[in-house]
1. Hey, can you grab everything whose amide H is under 5 Å from the amide H of residue 678? Only 5+ residues off in sequence or another chain; H modelled, so Pro and N-termini drop out.
2. Based on Cβ point charges of +1 for Lys and Arg and -1 for Asp and Glu, what charge dipole magnitude is obtained for region 420-511 about its Cα centre, in debye rounded to the nearest 20?
3. Once the Cα atoms of region 542-696 are picked out, what are the Rg and Dmax in Å?
4. What residue among 515, 560, 536 has its Cα farthest toward the positive end of the dipole of region 506-599, where the charges are +1 on Lys, Arg and -1 on Asp, Glu, each on the Cβ?
5. Tell me the per residue accessible area of the chain using a 1.4 Å probe; a whole number in Å² is fine.
6. How tilted is helix 82-100 with respect to the longest principal axis of the chain? Cα atoms for both, answer in degrees (0 to 90, nearest 10).
7. Test of understanding: extend the Cα→C-beta vector of residue 484 to 7 Å, then name every residue of region 491-526 with backbone N under 18 Å from that spot.
8. Please report the antiparallel percentage of DSSP beta bridges with both residues in the chain, rounded to the nearest 5.
Amino acid sequence: MTVQTRPSVCPHDCPSTCALEVEVLGPARIGAVRGADNPYTAGVICNKVSRYAERIHHPDRLTHPLLRTGPKGSGQFRRIGWDEALDRVVEGFTAVTAEHGSEAAWAYSSAGTMGLVNRDGVFRLRHAMRWSGRKGTICSSIAAAGWMAGCGRISGTDPREMAASDLIVVWGGNPVATQVNVMAHVTRARKERGAKLVVIDPYRTGTAAIADLHLAPRPGTDAALACAVMHCAFRDGLADRAYMARYTADAETLEAHLASRGPDWAATITGLSVAQIETFAGLYNRTARAYLRIGFGFTRGRGGAAAMHAVTCLPAVTGAWRHEGGGALWNNRNLYQWDKSLIEGTALRDPAVRELDMSRIASILTGDPAALEGGPPVHALLVQSGNPAAVCPDSNRVRAGLLREDLFTVVHEQFLTETARHADILLPATMFLEHDDIYQAGGHSHVQIGRKLIEPPGEAMSNHDLVCALARGFGLDHPSFRMSGLELADATLRASGYPGAEALTERRWVDIQVPFERAHFLDGFGHADGRFRFRADWAALGDAEGRLPPLPDHLPLEDAATAERPFRLVAAPARQFLNSTFTETPTALRREGRPTLRIAPEDCARLGITEGEAVRIGNARGEVVLHAQRAPGQQPGTLVAEGVWPADAYAGAACGINVLTSDEPALPAGGAVFHDTAVWLRPEIPSDDFKPLQLA
């Protein structure tokens, strides 16, 4: 057997967008997957992707179109051909739009692939058909607003500069589990420069466990900590007044505002000790080359935008932006100036057509008038690159909506997920090595191309090809519907000023990192006056009610603990999963074990809970049974459940962790609040339906 090593790109929803080397064993089979020698990937990839052969060759892959034969949600289907499947989809959507109007149809798409062609192509089908649009809030809208409030442009310090840092602060992220490349650069800085690593996270993550300092504030109190650190900078003469005079606005107002927000004030809010806050403030404020690597934890809470803004103020107060290895990075999305007019069919979009908030699918499918934006209920649903029945907030109501008999549901998927089980028509989808696509990165600065390396199993079809096939069925005429995925990628690359598909295939990647002055905002921040804004204009970002604080401050907006619900739950990512992806692979399941609940030792002792014991948590939205894990390193009253496990992995009831989370939209413009949930906790009393998870 001849083994070829071919280049590719990881398609998953992680800022790393790793460059890969893939062993191709034959026309339809791969072997090992490794990291490529890309300047950022640097040969390092996560275990999840290194084991991709387990996933792509999984025996449970969907390989043929299926028609529902049993009750909705039963997972009972029979095989049909593609012609019949496409005809049924076209007929179903046509009937719905004829009776209820075009906005009664909705294409729900997410980030199951980050390839531009296969992720965003469904937009042009939406636009052409005048179906309801989709507000892409679930992933990052909260944090994006917070970053924009101060910086005005979503980009930041080149992550490779971490190797030149003397202090790296990972705030609201767990890169050991979710973005392993960050740790490669952190490790280099620690070895070569003796750099310190500080992790700020409500619990002892894998990253926190290896940090020089871990601060575990109460969930949703990060802004108070940031304010106290800035207070100390002004108090101790460590604020860079020359930098602020040149690059920021309202510095004097900020200083006066923070005069009453010192470590004592922050300690009562965060639960941290004054000594912990003083230690971190001294370390950060006295280190010129201090790099803030800000994670996606900020985009999971009601007050996340205000907290993000407060944290981004730190390097503007200390002037850390002036130094190599200093400054901050959350995401680099604004580096890429894509022309996606062909992919998205932007000329076809009618701005009068409503847009539905994807984070509120529970309310949308159950007919909430506010969530429906005053329009008709959704009666036809196409789901692509997503698993909302498991991943979205308030999942009991998501499933209730999917069970509606008057909802015609089409799901394009790789496995029989919880959402797929509710489909009327279930269509098999390709994986990234089975089609062509192009990629940008959020966590670095490379444009990459991933070419088709193997044939898909059975009759699996790419997202792009399905969109084009449906367009033909609906009688649509747009150039993009007649192009192959590679042709569309090539045209988009060229229109955006990048090398064409063949040239990029030969080069593998193009690094578009901007010069130091631009990356560090030394040529000006993204606002019209070029200055960092300590005073945020939240109204311009969607806060019409004026509820967010204009100056950095703690915002008591969270789902607060009460006597009835005294615990705050953080529904965090698991190391071996990515949302609900990889939950089907044997090694990932074996390493994760079973759904667990991390409980502070003090709470275990008070409630008489022992390690491994079944416990039940709940609120008005639902209840979930997990197994207790005694977890030092988090504050009493904080609970952590890692991973979006399949519902049937939970003992005693077929429901996952997101039955507890709310689909209430966050300020200023929406977003899902997965880390912001108040619950009760009690030991579980075994019953007849209780059964521990059995792993294959």
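The values are calculated or read from the model by the stated rules, or taken from the named source; none is laboratory data. What you are looking at is a predicted structure, and each value in this text was computed from that prediction instead of being measured. Positions of Cβ are backbone-derived with ideal geometry, glycine not excepted, and every protein chain shown enters the neighbour counts. Areas reflect the complete protein model, heavy atoms only, side chains present, ligands, DNA and RNA absent. Shrake-Rupley method; radii C 1.70, N 1.55, O 1.52, S 1.80 Å.
1. When sequence neighbours closer than 5 places are left aside, the close amide H contacts are 569.
2. 140
3. 16.7, 55
4. 560
5. Accessible surface, normalised per residue, equals 35 Å².
6. The helix 82-100 is inclined about 70 degrees to the chain.
7. Residues 491-494, 500-506 fall inside that zone.
8. In the chain, DSSP labels about 45 percent of beta bridges as antiparallel.
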